[in-house]
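What follows is a short report on a single structure.
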Amino acid sequence: MDAADPKPGASSSPGLQIQALWNAAVEPADLEPGLSTAQALAFGVNFRIHLGKALIAAWETSKAVVKGTAAAHAPFAWWAWAEVGAEAIAAAHSIFSSLVQRMRPIDYVTSVILSVNPAGLTEAELKTAVEAFLQDPDAVQLSWHFGMSEGLIKRAREVVTFPDWLPDTLKQLQKDDFFVRSGEKLTFKSHNYDIRWKAD
């Protein structure tokens, strides 16, 4: 089977779960009635990206592709396996890329970890979770799905070698309005982004 072909069993439960996550994270807006997808993309489609949901979708996708259901079939077009529109994924990844470009790697990784724990984490739990992710041998492959490169992961790993890295990171994330504090818990504060996507 060609590497670009969808994995057999696209209707499997993991694929449907990932599809549902991406559909909730990236919503087309202002579609004109009667237009096919190809026609809509030719004219341009507005997508609303729900950042928190998109990071969760990317996180679950990375686990399925790198560690779980799809690992034995990689490389392949996982968006076809999960029946997710490639244009919607590209729109989300453009937002991820923008954030990666303007944020320090450790700040972005910390915000990702916080986003995929919607019930919130204490500072101690967050520190442990970030460090555990960065120590994971698969961190580079996992992080590709939310826009990071090997070099950026290495830079984040260097930061966490210092025991007091978290306060400075939280200070920056608070400035960027990426979390709220309720008692001892920190929870990710999501933002919505509108982006126009047009087929080449």
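Read-outs throughout are calculated quantities, based only on the coordinates presented, and are distinct from any laboratory measurement. As the structure is a computational prediction, the values presented were derived from the model and not from experiment. Here Cβ is always computed from backbone atoms with ideal geometry, including for glycine, and neighbour counts include all displayed protein chains.
Quick look at the numbers
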{"item": "Exposure proxy order (Cβ contacts within 10 Å, fewest to most) of K127, K171", "result": "K171, K127"}
{"item": "Formal net charge of residues neighbouring T187 (Cβ-Cβ distance under 13 Å; K, R +1; D, E -1)", "result": "-1"}
{"item": "Taking V159, V130 and counting other C-beta atoms within 10 Å, the order from fewest to most", "result": "V159, V130"}
{"item": "3J(HN,Hα) from dihedral phi, the stretch 101-108, Karplus parametrisation 6.51/-1.76/1.60, rounded to Hz, x for glycine, proline", "result": "5, 9, 10, 5, x, 5, 5, 5"}
